[in-house]
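The numbers here are math on the coordinates, done by the rules we state, and not lab data. Treat the numbers as computed from the prediction; the structure is a model and nothing was measured. Using ideal geometry, Cβ is built from the backbone for each residue, glycine included, and neighbour counts are taken over all protein chains shown.
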Amino acid sequence: MKKIFLLIVLSLLVVGCEKSRKVINPEIEMSPKPLANYFQSEWDKIDRIDIRNGSTGELRTFTEKEIVRKWIDEARTIEITPDPNQEQRTGFRYSANLYEGDQQKFGFTDGHIGNVYILSSEQLYNQLKNLYES
């Protein structure tokens, strides 16, 4: 009986101390690529951007053509690198949804684009934050 108890305790210790595995999706190309590569549609048709602050939940909407164009021109060239660790996670600092009329065409956060988790990009974060705070 003592041997079985000891075996169970040792097994639980080994399992509990095992490093968590990183989920790596072989279908995701890990090299950096511009944000524009994630949205294979017509960027020039985007006429509205909604930015949500992940801390407060507050949403700000931008429809002024010059602001939308300038932001898109700068954001779409930002290099995005997929995170090798594709474990599911929650939360974001900022999210963006891009619209053509009332139809959402593209959405992402500073932590994932579609079903791809990305490495933190200060350039992307700053782009989202600057528009939100403007």
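Details
- Sequence-distant residues sharing a close amide H with ILE113 (under 5 Å, placed H): ILE118
- DSSP-assigned coil residues among GluC sites (Glu not before Pro) in segment 60-134, each with at most 16 further Cβ atoms within 10 Å: GLU64, GLU87
- In a DSSP loop and with at most 11 other Cβ atoms within 10 Å, the trypsin sites (Lys or Arg not before Pro) in segment 65-134 are ARG89.
- At 1.002 mPa s and 20 °C, Stokes D of segment 24-97 from Kirkwood alpha-carbon radius, µm² per second: 150
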